[in-house]
1. Take the conditions free of Cβ contacts under 8 Å to residues at least 12 places away in the same chain and within 16 Å of ligand 3 (Cβ to nearest atom) and apply them to B:Ser13. Does it pass?
2. For residues in segment A:1-51 being among the small types (Gly, Ala, Ser) and under 23 Å from A:Glu104 (Cα atoms), which is nearest to the chain's Cα centre (by Cα)?
3. Of all residues in segment B:124-148, which are at pLDDT 90 or above and loosely packed, with under 15 Cβ neighbours inside 10 Å?
4. Scan segment A:1-35 residue by residue and report those that are among the acidic types (Asp, Glu) and within 14 Å of A:Lys59 (Cβ to Cβ).
5. Kindly provide the set of residues from segment B:47-78 that are part of a helix (DSSP H, G or I) and farther than 18 Å from B:Lys137 by Cα, ordered by number.
6. Among the residues of segment B:100-123, write down those that are away from ligand 3 (no atom under 16 Å from the Cβ) and outside any loop (DSSP other than H, G, I, E, B).
7. Of the numbered conditions (1) among the polar types (S, T, N, Q); (2) modelled with pLDDT of 85 or more; (3) under 27 Å from B:Ser193 (Cα atoms), B:Thr153 satisfies every one except a single condition; which is it?
Number of protein chains: 2
Amino acid sequence: MNYSVSEENYIKSIFHLQKKEGTVTTNELAAELKTRPASVTDMMKKLKTKKLLHYQPYKGFRLTADGTRVALGIIRRHRLWEFFLAEKLKFTWDEVHEVAEELEHVSNKKLIDKLDAYLGFPKNDPHGDPIPDANGKIDPGKKIRLPDVPLQTLCTVAGVRNQSAELLELLENKKIKIGTRIEVRKKFEFDQSMEIKTGKQSINTISHQLAENILITYDAG
Amino acid sequence: MNYSVSEENYIKSIFHLQKKEGTVTTNELAAELKTRPASVTDMMKKLKTKKLLHYQPYKGFRLTADGTRVALGIIRRHRLWEFFLAEKLKFTWDEVHEVAEELEHVSNKKLIDKLDAYLGFPKNDPHGDPIPDANGKIDPGKKIRLPDVPLQTLCTVAGVRNQSAELLELLENKKIKIGTRIEVRKKFEFDQSMEIKTGKQSINTISHQLAENILITYDAG
DNA sequence: CGAATGATTTAGATTTGGCTAAATAATTTT
DNA sequence: AAAATTATTTAGCCAAATCTAAATCATTCG
Ligand SMILES: [Mn+2]
Ligand SMILES: [Mn+2]
Ligand SMILES: [Mn+2]
Ligand SMILES: [Mn+2]
């Protein structure tokens with residue numbers, strides 16, 4: 001039940017990559033981790049024997065339920081430290097990630113749970129991303145940024161991250177408001193723009209900047 | 001200028017061990033780190049090529065000035081985290097060491113200096129040990145526990161760690177009071193008792209419990 | 001002094017995580 | 001449906017940090 005820094009970095013990357021496509025390829029993961037495809041294959045075999053990964057040679061991979069639980073633990077640590085760094089140590093939001101990248105690997109449960117309590121059980125890190133609780137659950141009513149929603153998942157607009165007139169104008173034009181039902185159909189690698197379906201039928205393309213400012217909740221159930 | 005977790009653990013252990021005897025032996029260090037003498041020899045060669053160590057085969061080793069600087073950086077990180085864990089996260093003093101043992105290896109200077117500031121530049125960790133400042137200096141007027149003083153180093157009694165009648169009675173009997181000049185002559189492994197010279201000539205043996213409660217400062221210069 | 005003893009180093013293996021180059025599988029073109 | 005291209009895995013190395021067993025150095029004692 002204890003994983004090396006290297007294993008943890010692989011697990012976390014797989015978790016993030018599979019949000020986009022459901023399955024992760026060797027080359028994608030190698031690029032993300034700045035390593036070589038052959039090294040990825042080696043680690044995949046290892047994580048498979050540890051039952052953290054569904055993996056068939058040549059077919060890509062996905063985390064198992066166990067793997068997902070481990071990933072959420074790492075993400076919890078990462079985001080709690082980011083919150084601490086920004087809130088208490090006065091790092092700016094763009095500096096916290098690099099430091100949290102190291103702190104996340106100190107995996108003492110009592111430390112993290114006490115840190116969580118000390119920080120007042122924050123719901124989101126300084127980038128707006130949700131912080132899993134001690135059981136690895138993300139509050140079901142929790143607001144998530146639209147780019148973090150998996151494809152083909154129906155959800156509901158719950159808020160925006162800033163109140164500028166420019167943003168509100170754009171939202172009005174796209175007919176997106178609190179309560180709008182929304183589903184991401186496709187994400188374009190090139191500029192992170194995405195095709196969404198809102199309401200009953202209308203299909204629309206929105207920029208990454210816009211998507212980042214839309215918060216949603218998953219639908220009940 | 002960046003060292004592995006393993007290198008750091010070796011460096012820190014050498015620093016602590018050489019306080020007692022000035023020089024450290026292979027077997028001592030192997031016992032301390034729960035590893036084998038052969039592994040120690042390998043690492044000593046490596047630290048020597050990095051100029052952190054004075055080392056002649058069969059002759060034991062000592063940190064160089066560079067090695068000492070590195071050691072003080074690790075000790076600074078360790079003790080600041082211990083202070084944080086006790087003061088902010090409400091760990092008890094006997095729980096902090098184990099967690100700090102991991103956190104000390106996250107060596108981001110900005111992180112540590114901001115943590116120091118956030119904590120209000122504490123002078124001592126929860127065990128009473130002094131915390132080196134950002135330059136690796138221990139406040140020259142800082143109070144150190146007598147067991148942490150190297151052998152044959154003249155220093156001055158500056159305080160005690162508790163005010164119980166029992167302690168004061170013993171101190172009076174041994175003729176130790178604030179301002180007494182004191183020098184540790186010998187430490188006995190068996191019970192950590194030590195032979196000290198106080199004032200002009202009197203040689204005396206004191207227990208570890210007593211020594212731990214005597215705080216000293218180094219003499220000027 | 002010269003053996004015996006104990007401490008230390010050397011030699012040779014092992015594990016983990018990484019790399020390059022070559023082989024093989026899958027997909028896309030023609 | 002081949003051929004060409006791209007993706008992935010295999011094979012063979014390497015470096016760091018460990019270990020065990022054997023060799024060597026240093027010290028002590030008869
Ligand atoms: Mn990381
Ligand atoms: Mn973040
Ligand atoms: Mn450590
Ligand atoms: Mn301490």
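The values are calculated or read from the model by the stated rules, or taken from the named source; none is laboratory data. Small disclaimer: the values here were computed from a predicted structure and weren't measured. Quick reminder, even Gly has a Cβ in these numbers, built from the backbone with ideal geometry, and neighbours come from all protein chains shown.
1. Criteria not met by B:Ser13.
2. Among them, the one singled out is A:Ser13.
3. The answer is B:Ala134, B:Asn135, B:Gly136, B:Lys137.
4. A:Glu21, A:Glu28
5. B:Leu47, B:Lys48, B:Thr49
6. Once the filter is applied, which keeps residues that are away from ligand 3 (no atom under 16 Å from the Cβ) and outside any loop (DSSP other than H, G, I, E, B), segment B:100-123 yields B:Lys109, B:Lys110, B:Leu111, B:Asp113, B:Lys114, B:Leu115, B:Asp116, B:Ala117, B:Tyr118.
7. (2)
Residues are listed down the side, and each one gets a yes or a no for (1) of a type outside the set (A, V, I, L, M, F, W, C); (2) within 14 Å of chain A (Cβ to nearest Cβ); (3) within 16 Å of ligand 1 (Cβ to nearest atom):
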{"position": "B:Met1", "(1), (2), (3)": "no, no, no"}
{"position": "B:Glu7", "(1), (2), (3)": "yes, no, no"}
{"position": "B:Ile14", "(1), (2), (3)": "no, no, no"}
{"position": "B:Gly60", "(1), (2), (3)": "yes, no, no"}
{"position": "B:Arg79", "(1), (2), (3)": "yes, no, no"}
{"position": "B:Phe84", "(1), (2), (3)": "no, yes, no"}
{"position": "B:Glu98", "(1), (2), (3)": "yes, yes, no"}
